[in-house]
1. Could you sort A:Glu255, A:Glu150 by their accessible area in this structure, using a 1.4 Å probe and putting the largest first?
2. Summarise the partner chain shielding of B:150-158 as one whole number: the mean count of Cβ atoms from other chains within 10 Å of each residue's Cβ.
3. Just counting partner chain Cβ atoms within 10 Å, what average do the residues of peptide A:375-387 show around their Cβ?
4. Between segment A:167-227 and segment B:342-370, how far is it from one alpha carbon centroid to the other, in angstrom?
5. Work out the length of the dipole vector of the protein assembly as shown about its Cα centre, built from +1 on the beta-carbon of each Lys and Arg and -1 on the beta-carbon of each Asp and Glu, and round it to the nearest 20 debye.
6. Highest mean first, what order results for B:107-115, B:510-518, B:202-210 on Cβ atoms within 10 Å?
7. Placing unit charges on C-beta atoms (Lys and Arg positive, Asp and Glu negative, everything else neutral), compute the dipole magnitude of chain B about its Cα centre in debye, rounded to 20.
8. Stokes-Einstein at 4 °C, 1.567 mPa s, Kirkwood radius from Cα pairs: D for the protein assembly as shown in µm² s⁻¹?
Amino acid sequence: MTTPIVQKKTAILKKFNKPLASLKLAVFIILSLAVITAAGTFVEAKYDSFAARKMVYDTWMMYSIMGLLIANLVAVMVDRWPWKKRHASFVMAHVGIIVLLFGAFLTMKFGLDATMRVPIGESSAYVQSSEIDLVVYSSFDGDRYTKIFEKEVDFFSHPPSAAKTFDVPAAGEPIKVVDYKKYVLPSRRVIQDEAGKGGAGLRFQIQNRRVNVIEWLVQTKAQTLATHDFGPAQIHLGPLPEKGKLKNEIYLSPEKEGLKYIVFYKESEAPGKKGFLKEGEVFDPGFKMPMEFRVLRFLKSAVEDWDLQDMDHPTPLTTSAVKIVFEGKDHWVLLNDMVKLFSNNAAYLLTYGNRRIDIGFPVKLKSFQIDRYQGTMRAMAYKSVIEVPGVGEQLISMNEPLKFKGLTVYQASFQEENGQPVASIFSVNADPGRFFKYLGSLIVCCGIVLLMWFKQLDFKIAKKMAPKAMDNDGAKK
Amino acid sequence: MKALSRQTQRPPLFKKQPSGLSLAWQVSRKFILMSLMTVSFLTSLSAFSKSGEALKSLPVQDGGRIKPYDSFSKEMLEVIYGKQKYESRDASEIVLTWMLSPQSWVDKKIFEVRNHQILTALNLPQEQRYFSGGELFNTDGFRLLREELDARRQTKEKLNPYFQAIQRLENQFFMFQEIASGKMLKVLPPKDGNAWVSIAEMPTEYQAKFRDIAKAFIVYIGEVAKVGDGSSLESAGQALDTAVLGFEDAARAINPEAYSHDTKIGMEVHYNYFHPFRWAYMFYFLAATMILLVWILSKEILMKPAWIFLALGFALHTYGFVLRMFIMGRAPVTNMYETVIWVSWGVILFSTVLEMIYKLRIFLFSGTLVSLFALVIADFAPAILDPTLQPLEPVLRSNYWLTIHVMTITISYAAFFLAFGLADLGLFYYFRGEAKNHEKIRTIVMGIYRAMQIGVAFLAPGIILGGIWADYSWGRFWGWDPKETWALIALLGYLAVLHARFAGMIKSFGMVATGIISFSLVIMAWYGVNFVLGAGLHSYGFGAGGVEYVGAFILIHFLMLLYVTILRRGQQKNLKT
């Protein structure tokens, strides 16, 4: 039995609680949620889901409405206290929503939603999450790098500008991020390196009756090997080996005298044709299939750069990019790419991209298979056979994931090159809120079923509570 | 054009409005109609046994499944000509002649082009809709259009209606060529593997067998064209059937397992000619008419035939649904057309349930009208609502959660559609005068409230089931995908209405108004996301077209609502003064 004081206390509480528990507020909240999420779908249609998330769904406006919703749900339940039997469906539906939202909060706060790309036959223990980090490594000898800076950045919502730069402290002047572009269409470009620190760059053409390709080969630094694999033949730019690997290969090396080449053949380890080439010169490597190899451009010291074309909306080929200024020089860095920066006494490596997370166990992709509908190229199902230490071999397909160490690995899609799948893309998730989401769902559904059960009763209550509402308004006039 | 050609196939009685007739005439007419329909039923059921029809059931591999040649030819003609018949000749005849004598089709205007931009690019007259292959494809304009399309594909951006139209033109070009060369029609199962062999690539012995079909076919269509006594047509038909069966036997001998689709193929041909949904909406129309007569003539006895018509319509509706399910081996709720069928089925179901509880007739009346409306649209807009039977995208396969969540969500749309129909009726009564229709309005508002409750009771669990499915297939419960978000918005809309009603914020007229307004959210979730927004993971259901009609539909309702609101304001002012 409650004492009068307690009753008085609850009365005061209820009085203050009243405005928060009002149905009008509930209607307002429901409608604003509807309007905001609707706006989000239009943003997604115009741009993409990432933009919709950043501009609508993951914003303070959305969180505030959600907070208000929960406050309203709690308040209205307090208001109806003490609950009677007929309140069961009402309480369950509302408690269910709160539990559901709590689960969603847990997922947002502590969950993992990442992707993993594993090439066929290889293995990986890293996943990529949607958070974007800016990381800077520094080195004094150019070989060993140590991490000096790591920070999550959200340039989409808070873009840096020349006036409001994002600074990374370095030994001398800071590295400045001065611009951000949401959607750019990149095309690779190789330019002469003024500083002369980069490796060599070669633009060549291979031509015969059936083939005509033009490619760039750029060494990351001098004395490293850059390779272009055409399948039946490989072109390398870098140090010349003594012996061949029993493959059709052309080695090109920037020497003091000029660009030297050696050709190796499938049939023998011994070097074949050799000589020097100048820009514009052609030679036939002497493979079984006759072809012409032409040097279009040769740079002793070259760097790769990007030509960026601004787009007003994203396409599957666009990406985002940031502009870095260091020591008076501009560099554009694409998402998930890096740039090397040099000062007089130090070298820096700056990476800008999705966070890579070690999941603690390697996933090896043994094989990947696409089932197609009979007689067509239309995909029917994707399947990956993976191997995980402690689990062994396991088949993952659409709707049949692997659950291991709190993570769930789903078959998401695959990567294709020249019509052949080359890698499988998995979605790797951890969802600590799952239990609450399911529990909340169950409670909501039970509440709704009860509501249907008690609907007659409910109707009577409504009539009693708001006789004007249920009465026909036409009748009053 | 489509509407006209379909109209002629209907029983002529359908066109007249049977109102204001005497009861006796009405009843006798009902029997005439019934017997007429029974006859047509039987004739369409016996479509198998008619001679010359075996060709239609010839198994063909196309679009990732084995289908009867009849479906194949209908789909091909639909792509090229935009209809399932050409000059009232069946697609199965037309498409085979493309292959047997392509040269006779060179000058025929069989390629449908609707896009005006394309016609401009090809220097063709805007008012014309059909063109010959020469006019379209032997031009520089066509080459340029294809280059433009290729360039667009390179960017990997979404194709807008203009590029989709070029894509269709390209398809028309390739399909006609492939059919003419015999490479499209894959009729021979392989010894092993699953890619069937086309007519052009068949071994000579089977080519010879097929030539028998071709010869018999030519004789047969010659006889069809003639106005003879029928006996020679009969024998020509039998000869064709024998040739087809001879080929089928030879094909079956190669790989009996791959050639074992007889029942399904028979069913599909039956489905193609039976048109269960067309029959269903005709019966719904009759049922609605009967209920209307109950009111106009105050003859309670007419409720009985109304129920009978409704039951017949519903049985046929269900039958069609089950047929599709049997043919495809899955619940048919994976594209717009199929959900329209399913929703209209749900409308009848809910209105019947409500009718049985409340016995107010108004539920049944609006239910039949709404379902009739939906089915007629599904029947008359095949270019937008694709009625063909298509295999599923990988993510949709082998998962019962998919079927359950889609069915639950769309069935809630049925309840909201019913509420919308009732609201329309309510609006009509408000228009006619609030005071004298007070009782009717009261009933209708109660019905709207009930229907909305039913809708919410299905939509909320449906969205949750969708979350469970997403969690199960993609590992995330909720991802703000436009399709799921719009289902949520619709739910929020109706929840707002129910709460506002509970709080006394909206009254009877408010319920009628919100019944109409909130349904536009359902239209957005159901149609708009796929056809207007065109984004997101649910992209397998995407289509194009019809936006202007759907937009006009919503706009007209809003205008009607506005008009009645203003009218009502005026009346209320008059009452006060």
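The values are calculated or read from the model by the stated rules, or taken from the named source; none is laboratory data. Just so you know, these numbers come straight off a predicted model, no measurement behind them. Glycine also receives a Cβ, built like all others from the backbone with ideal geometry; neighbour counts cover every protein chain displayed. What goes into the accessible areas is simple: the full protein's heavy atoms, side chains included, and nothing from ligands, DNA or RNA. Shrake-Rupley method; radii C 1.70, N 1.55, O 1.52, S 1.80 Å.
1. Ranking A:Glu255, A:Glu150 by accessible area, largest first, yields A:Glu150, A:Glu255.
2. For this peptide, the per-residue mean of nearby foreign Cβ atoms is 2.
3. Averaged over the peptide's residues, the number is 4.
4. The two parts, judged by their Cα centres, are 68 Å apart.
5. That gives the protein assembly as shown a dipole magnitude of about 5060 debye.
6. Top to bottom by mean Cβ count within 10 Å: B:510-518, B:107-115, B:202-210.
7. Roughly 2500 debye, rounded to the nearest 20.
8. 38
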